[in-house]
Amino acid sequence: MLDRAVMTTWEVPADTPLLAARGLGFRMRDQRLIEDIDLELRPGSRTVVMGANGAGKSLLLRLLHGLITPSEGRVEWRGRPLGRASRSEQAMVFQRPVMMRRSVGANLRFALAARGIRGAERARRETEAVHAARLDHLVKRPARVLSGGEQQRLAVARALACAPDLLFLDEPTASLDPASTHMIEEILRKAQRSGVTTLLVTHDIGQARRMGDDLIFLDRGRVAEAGPLSTILASPRSEAARAWLGGRLFLERANDETPADIQQKGSK
Ligand SMILES: Nc1ncnc2c1ncn2[C@@H]1O[C@H](COP(=O)(O)OP(=O)(O)OP(=O)(O)O)[C@@H](O)[C@H]1O
């Protein structure tokens, strides 16, 4: 007979994905916005989600994080249905940081307290997060008066202070300058090195290369293709990824040109 302790403990097989979507779909009125998505995230993996505007990237992240309820299929966390408790093992950073009308330090303390972290441990994590975000000099300032880049640094550090196993990032640097983007990528890389699994939405191919190993390419709510990021970027198989990447790479090359290059071309 099985030992009682063994029977009541949920044993997770070693190859169970951290997060999985099984036949995931989301409908709004008659529109199928997310359709038939199957994916698995391994612990410690670094996955990027790309696709044209309106492809369903944000919706997919919200479904996977349990912020909206799927119309079809399910999300599994460590092999079990995603629930409220498991969501506290995840965190999400949005394109526009969500800050409370409180100081930088109080924003951090509130998030930590909400996860049951108090006392000396809370103080330690707060100091560490403020330092990671390079906001030591602004700790008493109301968070909402910080610049966009400072707020986003705080949002990322706040999410990581809660020690999530999985961090969702929805275009976290979309409206930031290169210096702020670099700082945020540094914070994220450190977290990735320490084993935090990341699922990052970005339109920036350079950032995708720096921050990801695997790519999920969405097209009109479906996975057009998925696999190793470098392979897909080098030779996309789907028409959707080919067309989108073609446009992005053309733009990136154009952006690399100096005004003199462009003038020279124009005079030919
Ligand atoms: N609450 C909603 N009600 C109706 N339609 C919605 C809702 N939320 C999203 N959509 C639609 O679902 C589609 C996917 O939206 P989503 O925001 O996920 O796209 P995205 O890939 O993140 O786009 P972007 O790159 O522009 O941020 C869009 O056509 C959008 O208009």
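Of the residues Ala243, Ala226, only one is modelled with pLDDT under 95 and within 16 Å of the ligand (Cβ to nearest atom); which? Write out each step before concluding.
Details: Ala226 fails: modelled with pLDDT under 95.
Step by step, each of Ala243, Ala226 is checked, and only Ala243 is modelled with pLDDT under 95 and within 16 Å of the ligand (Cβ to nearest atom).
Inspect all residues belonging to the range 101-109 and state whether any of them is part of a loop (DSSP other than H, G, I, E, B), within 16 Å of the ligand (Cβ to nearest atom) and open to solvent by 60 Å² or more (accessible area, probe 1.4 Å). Give the steps one after another, and end with the answer.
Residues of the range 101-109 that are part of a loop (DSSP other than H, G, I, E, B), as a first pass: 101-102.
Adding the requirement that they be within 16 Å of the ligand (Cβ to nearest atom) leaves none.
No, the range 101-109 contains no residue that is part of a loop (DSSP other than H, G, I, E, B), within 16 Å of the ligand (Cβ to nearest atom) and open to solvent by 60 Å² or more (accessible area, probe 1.4 Å).
Only one of Thr198, Thr173, Thr181 is open to solvent by less than 10 Å² (accessible area, probe 1.4 Å) and not aliphatic (A, V, I, L, M); which?
Working: Thr173 fails: open to solvent by less than 10 Å² (accessible area, probe 1.4 Å); Thr181 fails: open to solvent by less than 10 Å² (accessible area, probe 1.4 Å).
Residue meeting the stated conditions: Thr198.
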When the range 129-172 is examined, which residues are found to be more than 16 Å from the ligand (Cβ to nearest atom), in a loop (DSSP other than H, G, I, E, B), more than 17 Å from Arg87 (Cα to Cα) and not β-branched (Val, Ile, Thr)? Ala133, Arg134, Leu135, Lys140, Arg141, Leu146, Ser147
Kindly list the number of the only condition in (1) under 20 Å from the mean Cα position of the chain (by Cα); (2) open to solvent by 40 Å² or more (accessible area, probe 1.4 Å) that fails for Val139. (1)
Quick check: is even one residue across the range 173-193 away from the ligand (no atom under 16 Å from the Cβ) and either under 20 Å from Ala55 (Cβ atoms) or touching a Phe, Trp or Tyr at 6+ places or on another chain (Cβ under 9 Å) (or both)? no
For the range 71-96, how many residues meet the condition of being open to solvent by 40 Å² or more (accessible area, probe 1.4 Å) and out of contact with any His (no Cβ under 9 Å at 6 or more places or on another chain)? 14
Hey, can you tell me all the residues within the range 61-80 that are part of a strand (DSSP E or B) and at pLDDT below 95? Arg80
Is there any pair with a first residue in the range 24-50 that is closer than 21 Å to Ala241 by Cα and a second that is within 11 Å of the ligand (Cβ to nearest atom) and of a type in the set (S, T, N, Q) whose Cβ atoms are under 9 Å apart and which are 6 or more apart or on different chains, and what are they? Val48/Thr202; Val49/Thr202; Met50/Thr202
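The values are calculated or read from the model by the stated rules, or taken from the named source; none is laboratory data. The shown structure was predicted, so the numbers you read here are calculated from the model rather than taken from an experiment. Cβ sites come from the backbone with ideal geometry, for glycine too, and all protein chains shown count toward neighbours. Only protein heavy atoms, including side chains, enter the accessible area calculation; ligands, DNA and RNA are left aside. Shrake-Rupley method; radii C 1.70, N 1.55, O 1.52, S 1.80 Å.
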